[in-house]
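The values are calculated or read from the model by the stated rules, or taken from the named source; none is laboratory data. Since the structure is predicted, the reported quantities are computational estimates derived from the model, not experimental observations. Backbone-built Cβ (ideal geometry, glycine too); neighbour counts: all protein chains shown. Areas reflect the complete protein model, heavy atoms only, side chains present, ligands, DNA and RNA absent. Shrake-Rupley method; radii C 1.70, N 1.55, O 1.52, S 1.80 Å.
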Amino acid sequence: MPQAEQQLPRLPKFIPVVSEQQPLPILQALQLVQSRARAKFPETVEAHVRLKVDPRRGDQMVRGAAVLPFSLGKPLRIAVFAEGADADEAREAGADIVGSEELVASVLDSKGKGLDFNAVVATPDMMPKLVKLGRILGPKGLMPNPKMGTLTTQVAAAIADLRRGRVEFKMDRTGIVHAPLGRVTCDLKQLQANIGALTAALLAAKPEAIKGGLPKYVKSVHVCSSMGAAVPVEVSSLLAAMEVAAGVLARQAGKAAAGAEA
């Protein structure tokens, strides 16, 4: 008898398409990110905002800084390049490292290895000395910049902003802004306030060529943890987050003013 033909497994007539997850209100999205975090270390919650701009055009570059209402929850060591009264102000404000020419020489000698700080503030009169550190501080994102508030005569205020949660952002070549919001262990409302402050800063940095509000400027938003999957966010829900952030910042400013008067 002829050998029976080997039967092949039946193939499906079609491959079912898995529908993409629908955008969620920001609080639900953040809650989902927290529930999915499984790493053995405290992951960072990140925001990834795709803008309706043309990254190829210089007049549509988006860059700036946001002062978040709540800390990012990571250790921060601040180095301040200043002299005289500005150096004294920096020490009183809680800077970890303060110096001028000797600090510049120390960083040069290190060639960028083993730097004992992860944030930098400088006064404008120190910039001629700091130019030689451009190749060391620049690639690490540490070079002081007046647009970011880190090159300033208001040293104490700059240090306070960094301690509270100052985040610098710059649109990449694909038109997306990436920024941290805090740790997954942070309170949900704190994360909501932080992304609200980030949204307000993005709107403040909106190019003049882009007309209209948030819907005309922001194409999509995703949040995720360092090791987790991205969760799409309803762009309109960021308006409520902005109101939460404004309220928190106003209360914090009121407490600071009351403390200063006392």
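Just report the Cα centroid separation between segment 127-162 and segment 62-76, whole Å.
15 Å
Among Gln252, Ser100, Leu198, whose Cα projects farthest towards the positive end of the dipole of the chain, with charges put on the beta-carbon of Lys, Arg (+1) and Asp, Glu (-1)?
Leu198
Roughly how many debye, to the nearest 20, is the charge dipole of the chain about its Cα centre, given +1 on each Lys and Arg Cβ, -1 on each Asp and Glu Cβ, and no other charges?
About 1040 debye.
Hey, which lysines would be in cross-link range of Lys113, C-alpha to C-alpha under 23 Å, not counting anything within fewer than 8 residues on its own chain?
Lys74, Lys129, Lys132, Lys140
Can you list residues whose amide H is under 5 Å from Ala47's amide H, if they're 5+ apart or on another chain and H is modeled 1.01 Å from N?
Close amide H contacts, sequence-distant or interchain: Ala179, Leu181.
Provide the percentage of antiparallel DSSP beta bridges, counting only those with both residues in the chain; round to the nearest 5.
DSSP beta bridges in the chain are roughly 70 percent antiparallel.
Based on the inverse mean of 1/r over its pairs of different Cα atoms, what is the Kirkwood hydrodynamic radius of segment 88-153, in Å?
12.2 Å
Over the chain, what percent of the accessible surface lies on carbon and sulfur atoms, probe 1.4 Å?
Carbon and sulfur together cover 54 percent of it.
From the gyration tensor of the Cα coordinates in segment 115-262, what semi-axes in whole Å does the equivalent ellipsoid have, largest first, with each one equal to sqrt(5λ)?
28, 22, 17
Can you run phi through the Karplus equation (6.51, -1.76, 1.60; θ = phi - 60°) for segment 165-179 and list ³J(HN,Hα) in whole Hz, with x for Gly and Pro?
Along segment 165-179, the couplings run x, 7, 10, 8, 9, 8, 4, 7, 6, 9, x, 10, 9, 10, 8 Hz.
Would you mind getting the Kirkwood hydrodynamic radius of segment 122-182 from its Cα pairs, rounded to one decimal in Å?
Kirkwood hydrodynamic radius for segment 122-182: 13.0 Å.
Helix 26-36: angle to the longest alpha-carbon principal axis of the chain, degrees 0 to 90, nearest 10?
Approximately 80 degrees, to the nearest ten.
What does the convex hull of the Cα atoms come to per residue for segment 38-94, in Å³?
Convex hull volume per residue, Cα atoms: 195 Å³.
What ³J(HN,Hα) values, in whole Hz, does the Karplus curve 6.51 cos²θ - 1.76 cosθ + 1.60 give for segment 127-136 when θ = phi - 60°, with x put for Gly and Pro?
4, x, 7, 7, 4, 5, 9, x, 6, 8
Leaving out ligands and nucleic acids, note down the accessible area per residue over segment 70-118 with a 1.4 angstrom probe, in whole Å².
55 Å²
Placing one identical point scatterer on every Cα of the chain and ignoring solvent, what is log10 I(q)/I(0) from the Debye formula at q = 0.11, 0.16 Å⁻¹?
Here the Debye-derived log intensity ratios amount to -0.70, -1.27.
With charges set only on the Cβ (+1 for Lys and Arg, -1 for Asp and Glu), what does the dipole of segment 52-194 come to about its Cα centre, in debye to the nearest 20?
That gives a dipole near 900 debye.
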